[in-house]
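**Student:** Just dropping this structure here.
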Amino acid sequence: MRNEEKYITFKIKRRDKPESTPYWEEFRIPYKPNMNVVSSLMEIRKNPVNASGHKVNPVVFECNCYEEVCGACTMIINGTPRQACSALIDEIIGKHGMERPITLQPLTKFPVIRDLMVDRQIMFDYLKKVKAWIPVDGSFGLGRGPRYDERKRSAAYQISRCMTCGCCAEACPSFNERSDFMGPHVFSQVKMFNMHPLGLMQKEDRLKAIMSHGGIQDCGNAQNCVRVCPKSIPLTRSIAELNLDVNLLAIKRIFKW
Amino acid sequence: MAKEKEHLHSDFYIRRFHSILGIIPIGIFLCLHLTLNSAAIIGPEAWASVINGMRSMPFIILAEITLIALPILFHAIYGTYVVYVSDMHFLQYQYLNNWMYILQRVTAIITLIFVIYHVIFVRIITETTMDVMAAMANVLQTPLGFVLELIGVWSAIYHFSNGLFTFLITWGVLHGERIQKLFSFLTMMLCAALCLLSLIILIRIAMMPI
Amino acid sequence: MNPKAVVVGGGLAGLMSTIKLVERGIAVDLISLVPVKRSHSVCAQGGINAALNTKGEGDSVDQHFYDTIYGGDFLASQPPVRGMVDAAPELIYTFDRMGANFTRTEEGLLDLRLFGGVKKRRTVFAGATTGQQLEYTLDEQVRRHEDSGKVTKYEGWEFLKAVIDGEGVCRGCIAQNLATMEIRVFRADVVIIATGGAGVIYGKSTNSSINTGSAASIVYQQGAAYANAEFIQIHPTAMLGDDKTRLMSESARGEGGRVWTYKDGKPWYFLEEMYPGYGNLVPRDIASRAIHKVCVEMGLGIDGKNQVYLDLSHLDKDFLERRLGGIIEIYEKFHGDDPKKVPMKIYPGIHYFMGGVHVNWHHMTSIPGLFAAGECDYMYHGANRLGANSLLSAAYSGTVCGPAAADYIAGLGKLAAEEDGSLYETYRQKEVAYDDYVRKLNGDENPFVLHQEMGELMTRNVGIVRYNKDLTAADGELQRFMERWHRLAMVDSNVYSNQTVMFVKQLKNMMELARVITISALNRDESRGAHYKPEFPERNDKDYLKTTKAFYTADGPRFEWEEVNTSLLEPVKRTYGGSK
């Protein structure tokens, strides 16, 4: 049997430019097996007609690698922040059925550029603030790097897969326009650099950075971050472990221990 | 690099101070308060003697102001700011911890209102211990009064119990997911126990002859 | 006046060039289509080669050199390849010091894994997300330089043109903001193009959506030579998909994965049977052709479709999770099945451009002041790239290109900052006018549909197996596409963040490059590495041990042949059959 008569519906929150008012628009596209949200948006682009049959501008969205390693295509799909490329249509309609429209919205915690595209620059800025790097003497050869315990290394590896996609920040109730909270991803990065045999040397600098305005103290333990992280990064564990580090440092600083 | 200023950001220390005050002394006071008031279960006389005993202690006013009133004031004012900067994601994220987080903030506001009412009611408009007991019983004998009192007390208890759980995370004691789950369960058990205790106390007061 | 460099592209090559320039005291404007952390380098999975010889197997830099040249079917110019393999171990150690998360041994040293086309463990890796880890490592270093004001990032900008002065020297570039659509001038003393491959020309490939080859095509159209365009690696093991073919790393086979299909009702491990010496780890061109043969010629694909099994299910689950977790997760997420339990279904997919902008050994193109590095240059892989040599060439080319660009600046008489503005303004206005032309296209064809057609044409006619008649037909069709391009409909009327405008411009550039690929393939009547013509099944060193060089003219590409430097290794016949 052919699937010609089957259609899936998308309900997409659109916006023409940053300052204009958002509106919802529906699109219907023919169903094919193995589709995902990105391939569906690409389909819409090939024939940009909305569900009422009017020609409209194609939906603007960010996407890059299509395999959930770049983080670009993050959006809110049926209420959950996730990557559109790995949001398989078969899975979604398996759960909600064919009839219910799939809703797509841009992330709400970042400025919208257009349609589903947002500007996540602030996440990178916070990485700067906490010095999320190892300050090597230079990129020239200086011989073998340090030895690194494989067990620790593989714990750090889990964190190192953070794509700065913004899911954690989107789901975090403390990350919003009223607060300058840096967002959950930052703390795991700090944890990771503080674990590295060389990064360990600047441990205190990074801890001081996360004790500054908008730092670790603003975490309210809602723990949504760890649930929505597409890479299962132990975000809350990093925060908890760093809590001990910053408290000890605070005592040390107050009492000049 | 070397010239970078040593600068203590106040945010971190204020928030940590807020956290510690919630347990010491406020949490301890709450437990003590419930324990002392459980004398009401025995009867009005036992309850009166416990409260009179407390009130007759030397420098009690000074202790009440420095160990109870000021910490609560600070915790409440800063806490209100914390609630203000928190988003409430009610429907989107149906995770237990998220609900606990929301409830922590909701109970914060309820507790704040309740505590203001409670202090005015038992320390300002009523004079003697007997007055307080009579007034309390009076309120609790109306269904609405009972329910409101119960909501106030239970909010305070939940806020304390869940606060104890997050306190243990904030102070770097609980790291992994499993140990956090265990302590989340234990503190909720504590919450249930205190809620039950407070329910019995309130029922007993409501049953007291005026 | 201070010198300035523009680096276009934030992948490994661009970031490494940036770091090297900064260390030489030169301020860098880094232009990238996407936040640099999202560059396509993150998609590389398996690893990066360096003859560390830490497994007691007697591996050596000489052997790495030999395998690379031999694997590339002797088309690579040998001295630069020698430079690359010599530098590889120290380069890995540098990454390690910067915090790249390489998988370790029990002793805490860098672990090594086996890869295709070699017999010794030489591939340093970070699980199955090595590219991501290396990219992030350099991203962090560049962020550090950005923090201290030495690098200015322009993320969400697209390169439109190099600015070339009356003497033919590159003096900067024009770029466009993808959100505001502003077109502006970037004055610079050098411009480095590090914009990766062009898989998007083929519609579906293992590449990211940004890999249109647009920037490389632009500089080609401005006079830079484009070399060896016909050599495009087709990765043997990719997942079939609606939107792209997702890479299943060669490390799957390196760690023991086996490729098979059913023959006479029984599993047939055809690679092991055809190539007993290397088995499943024959180089990619050979594996791809074997799979193509089994499916298309013999009709033995799984379920009658063009697909075979890549099987990991016989390997230990913990081992798989630790060594290949990244790709197992991708397959599971996108296909639903768990590769630890059931074999993966795969088919070859367009993967890597061995060819690219022609550069000298210092990575300067034929336009002075314009450099190219990474996949968009042509230098290190000859006719076929060995697995795990791409991260190496990307990073290494940056370490050559950056300092060479700094040296070039030191020899300049006059800096771009001192140049008067009219040159730049002329260039900018041309781009504004072109942008206006594209916006006003009001034909009846959807640009995304035309792109799909082009992708299908290229995959069909200029793919694994090439026939001259198909290539000729493809070139004719491409010329018709270029006419149809003028009849496109501008389907997006919004003035802000108009992705369609940008795509239509890219599409034009892709078409120019597609013609170069097709005619280059047509011109080379032999089979070498990834370029395979059944009508000419043998390698022909007498006529074609030469680099193809294409130059843009208004009437289509003009070609020259350039001698290959084989001063270090005498070409021999390339075969992976026997047991070695």
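Values quoted throughout were computed directly from the atomic coordinates according to the rules given, and no laboratory measurement underlies them. Given the structure is predicted, the values throughout are model-derived calculations rather than measurements. Counting neighbours? That spans all protein chains shown, and the Cβs are built from the backbone with ideal geometry, glycine included.
**Student:** Between segment A:119-170 and segment C:429-452, what is the separation of their alpha carbon centroids in Å?
**Tutor:** After rounding, the separation between the Cα centres reads 41 Å.
**Student:** Follow-up. Quick check on segment A:1-159: of the DSSP beta bridges with both residues there, what percent are antiparallel, nearest 5%? If you can, show how the numbers build up before the last one.
**Tutor:** Working: 18 of 21 bridges.
Percentage antiparallel, nearest 5: 85.
**Student:** Among the Cys residues of chain A, which have no other cysteine Cβ under 4.7 angstrom away?
**Tutor:** Those would be A:C85, A:C162, A:C165, A:C167, A:C172, A:C219, A:C229, since no other cysteine Cβ in chain A comes under 4.7 Å of theirs.
**Student:** Would you kindly calculate the translational diffusion coefficient of segment C:399-530, applying Stokes-Einstein with the Kirkwood radius from alpha carbon pairs, for 25 °C and a viscosity of 0.890 mPa s, and quote it in µm² s⁻¹ without decimals?
**Tutor:** Once the numbers are plugged in, D ends up at 136 µm²/s.
**Student:** Among DSSP beta bridges lying fully in the protein assembly as shown, give the percent that are antiparallel, nearest 5.
**Tutor:** Looking only at bridges with both residues in the protein assembly as shown, the antiparallel portion is about 75 percent.
**Student:** Please return the longest stretch of chain B lacking exposed loop sites, where chymotrypsin sites (Phe, Trp or Tyr not before Pro) count only if DSSP places them in a loop and at most 15 other Cβ atoms lie within 10 Å. Walk me through the numbers before you get to the answer.
**Tutor:** Numbers: sites that count: B:F59, B:F90.
Result, exposed sites excluded: B:91-210.
**Student:** Shifting gears a bit: Could you tell me the center-to-center distance, by alpha carbons, between segment C:337-352 and segment C:68-133 in angstrom?
**Tutor:** 24
**Student:** Give me the one-decimal Kirkwood hydrodynamic radius in Å for segment C:461-576, with the sum taken over alpha-carbon pairs.
**Tutor:** Here the Kirkwood hydrodynamic radius works out to 16.7 Å.
**Student:** Hey, another quick one. With unit charges on the beta carbon (Lys/Arg positive, Asp/Glu negative), name the residue among B:A46, A:N224, C:Y552 whose Cα is farthest towards the positive pole of the charge dipole of the protein assembly as shown.
**Tutor:** Toward the positive end, the furthest listed residue is B:A46.
**Student:** Quick one: work out the % antiparallel among DSSP beta bridges in chain C, nearest 5.
**Tutor:** Just about 70 percent of them are antiparallel.
**Student:** Check cross-link reach from C:K341 to the aspartates and glutamates: straight Cα distance under 17 Å, and skip same-chain residues fewer than eight apart.
**Tutor:** C:E255, C:D311, C:D316, C:D318, C:E321, C:E329, C:E332
**Student:** Please compute one quarter of the surface area of the Cα convex hull for segment B:85-210 and express it in square nanometres.
**Tutor:** Over all viewing directions, segment B:85-210 projects a mean Cα-hull area of 9.6 nm².
**Student:** Net charge near A:N176: determine it from the other residues with C-beta under 11 Å of the C-beta of A:N176, scoring Lys and Arg +1 and Asp and Glu -1.
**Tutor:** Cβ neighbours under 11 Å give a net charge of -3.
**Student:** Name the residue, out of B:I65, B:I20, B:I102, whose mean-square fluctuation peaks in a Gaussian network model built on chain B with Cα pairs under 10 Å.
**Tutor:** Between B:I65, B:I20, B:I102, it is B:I65 that shows the largest mean-square fluctuation.
**Student:** What's the percent breakdown of Cα-Cα distances in chain B across 5 Å bins, shortest bin first?
**Tutor:** Reading upward from the zero bin: 1, 6, 12, 18, 18, 16, 11, 8, 5, 3, 1, 1, 1, 0, 0.
**Student:** Lys and Arg at +1, Asp and Glu at -1: add these up for the other residues within a Cβ distance under 15 Å of B:A137 and post the number. Don't jump to the answer; show the numbers that get you there.
**Tutor:** Details: positive: B:R204; negative: B:E45, B:D131, B:E149.
Local net charge: -2.
**Student:** Could you tell me how many cubic angstrom of Cα convex hull volume segment A:126-172 has per residue?
**Tutor:** 120
**Student:** Still on this structure, please answer the following. Stokes-Einstein at 25 °C, 0.890 mPa s, Kirkwood radius from Cα pairs: D for segment A:141-218 in µm² s⁻¹? Mind showing how you got there, number by number?
**Tutor:** Details: Rh = 14.0 Å.
It diffuses with D of about 176 µm²/s by this estimate.
**Student:** Can you give me the orientation-averaged projected area of the convex hull built on the Cα atoms of segment C:1-150, in nm²?
**Tutor:** For the Cα atoms of segment C:1-150, the hull's average projected area reads 10.3 nm².
**Student:** Another question, if that's okay. Nearest 500 deg cm²/dmol is fine: what mean residue ellipticity at 222 nm does chain A get from its DSSP H runs of n ≥ 4 alone, each adding -39,500 (n - 2.57), divided by its residue count?
**Tutor:** It lands at -10000 deg cm²/dmol.
**Student:** Determine the dipole magnitude for segment A:180-236: charges of +1 sit on the beta-carbon of Lys and Arg, -1 on that of Asp and Glu, nothing else is charged, the reference point is the Cα centre, and the result goes in debye to the nearest 20.
**Tutor:** Result for segment A:180-236 is approximately 220 debye, rounded to the nearest 20.
**Student:** When the expected Rg is taken as 2.2 N^0.38 Å, what fraction or multiple of it is the alpha-carbon Rg of segment B:141-210?
**Tutor:** Dividing the Cα radius of gyration by 2.2 N^0.38 Å gives 1.42.
**Student:** Name the residue from B:T111, C:L52, C:P276 whose Cα lies farthest towards the positive end of the charge dipole of the protein assembly as shown, charges +1 on Cβ of Lys and Arg and -1 on Cβ of Asp and Glu.
**Tutor:** The Cα lying farthest towards the positive end belongs to B:T111.
**Student:** Just need log10 I(q)/I(0) for chain A at q = 0.07, 0.11 Å⁻¹, Debye formula, equal scatterers on the alpha-carbon atoms, no solvent, rounded to two decimals.
**Tutor:** The Cα Debye sum returns log10 ratios of -0.31, -0.69.
**Student:** Sticking with this one: Of A:K231/C:K333; C:K469/C:K505; A:K11/C:K345; A:K191/C:K37; C:K4/C:K505, which ones are farther than 23 Å apart at the Cα? Before the final figure, lay out the partial values.
**Tutor:** Numbers: A:K231/C:K333 12 Å; C:K469/C:K505 29 Å; A:K11/C:K345 33 Å; A:K191/C:K37 19 Å; C:K4/C:K505 27 Å.
Pairs exceeding the cut-off: C:K469/C:K505; A:K11/C:K345; C:K4/C:K505.
**Student:** Give the share of C-alpha pairs in each 5 angstrom bin for segment C:247-368, from 0 to the last occupied bin, in whole percents, shortest bins first.
**Tutor:** Going from the shortest bin to the longest, the percentages are 2, 10, 19, 20, 17, 12, 6, 5, 5, 3, 1, 0, 0.
**Student:** With bins 20 Å wide starting at 0, give me the P(r) of the protein assembly as shown over every alpha carbon pair, in whole percents.
**Tutor:** Distribution as computed: 12, 40, 31, 12, 5, 0 percent.
**Student:** In addition: Just to confirm my numbers, what's the Cα centroid distance between segment C:526-570 and segment B:96-111 in Å?
**Tutor:** Spelled out, the Cα-based centre of one part sits 71 Å from the other.
**Student:** Using Cα pairs closer than 8 Å and at least 6 residues apart in sequence, work out the relative contact order for chain C, in percent. Working shown, then result.
**Tutor:** Numbers: 1316 pairs, mean separation 124.2, N = 580.
It comes to 21 percent, rounded to a whole number.
**Student:** Given R₀ = 35 Å, FRET efficiency for A:K152-A:W257 by Cβ-Cβ distance, to 0.05? Could you put the intermediate results ahead of the total?
**Tutor:** On the way: r = 27 Å, r/R0 = 0.76.
For A:K152 and A:W257, the calculated efficiency is 0.85.
**Student:** At 7 Å along Cα-to-Cβ for each site, give me the label-to-label distance between A:R144 and C:V495 in nm.
**Tutor:** It is 6.3 nm.
**Student:** If you don't mind, another one. Which aspartates and glutamates does A:K109 reach when only Cα atoms under 13 Å apart count, and residues fewer than 8 places away in its own chain are ignored?
**Tutor:** A:D119, A:E170, A:E177, A:D180, B:D87
**Student:** Starting from the Cα of B:I14, step 7 Å along the direction of its Cβ; do the same at C:T472; then give the gap between the two resulting points in nm.
**Tutor:** Result for the modelled spin labels: 8.1 nm.
**Student:** Size of the dipole of the protein assembly as shown about the Cα centre, Lys and Arg at +1 and Asp and Glu at -1 on the beta carbon, nothing else charged, in debye to 20?
**Tutor:** Working: 114 positive and 111 negative charges, 265 e Å.
Dipole about the Cα centre, nearest 20: 1280 debye.
**Student:** Using helices alone, what [θ] at 222 nm do you get for chain C, with -39,500 (n - 2.57) per DSSP H run of 4 or more residues, divided over all residues and rounded to the nearest 500?
**Tutor:** After summing the helix terms and dividing by the residues of chain C, the value is -11500 deg cm²/dmol.
**Student:** Oh, and also: Evaluate 2.2 N^0.38 Å with N set to the residue count of segment C:188-290, then give the Cα radius of gyration divided by it.
**Tutor:** So segment C:188-290 has a normalised radius of gyration of 1.41.
**Student:** Right, here's the next one. So, in nm, how far is label C:A417 from label C:S313 when the simple model puts each one 7 Å beyond its Cα toward the Cβ?
**Tutor:** 6.5
**Student:** How many percent of the alpha carbon pairs in segment B:20-107 exceed a separation of 20 Å?
**Tutor:** For segment B:20-107, the share of Cα pairs beyond 20 Å comes to 54 percent.
**Student:** To the nearest 0.05, what FRET efficiency results for B:I23 and B:I113 with a Förster distance of 22 Å applied to their C-beta separation?
**Tutor:** Efficiency at R0 = 22 Å is approximately 0.50.
**Student:** Which residue, B:H118, B:H89, B:H33, tops the fluctuation ranking in a GNM of chain B built on C-alpha contacts under 10 Å?
**Tutor:** Highest fluctuation among the options: B:H89.
**Student:** For chain B, with only Lys/Arg (+1) and Asp/Glu (-1) charged at the beta-carbon, what is the dipole magnitude about the Cα centre, in debye rounded to 20?
**Tutor:** Once rounded to the nearest 20, the dipole reads 360 debye.
**Student:** Work from the charge dipole of chain C (Cβ charges, +1 for Lys and Arg, -1 for Asp and Glu, about the Cα centre) and give the residue of C:L310, C:T500, C:P447 farthest towards its positive end.
**Tutor:** After comparing all options, I get C:L310.
**Student:** Let me check the size of segment C:61-201 from its C-alpha atoms; what are the radius of gyration and Dmax in Å?
**Tutor:** Gyration radius and largest Cα-Cα distance of segment C:61-201: 19.7, 60 Å.
**Student:** Considering the Cα trace of chain C, what is its radius of gyration and what is Dmax, both in angstroms?
**Tutor:** Reported Rg and Dmax, both Å: 22.8, 75.
**Student:** Within straight cross-link reach of A:K6, meaning Cα distance under 17 Å, which lysines are found once same-chain residues fewer than 8 apart are removed?
**Tutor:** The qualifying lysines are A:K32, A:K95.
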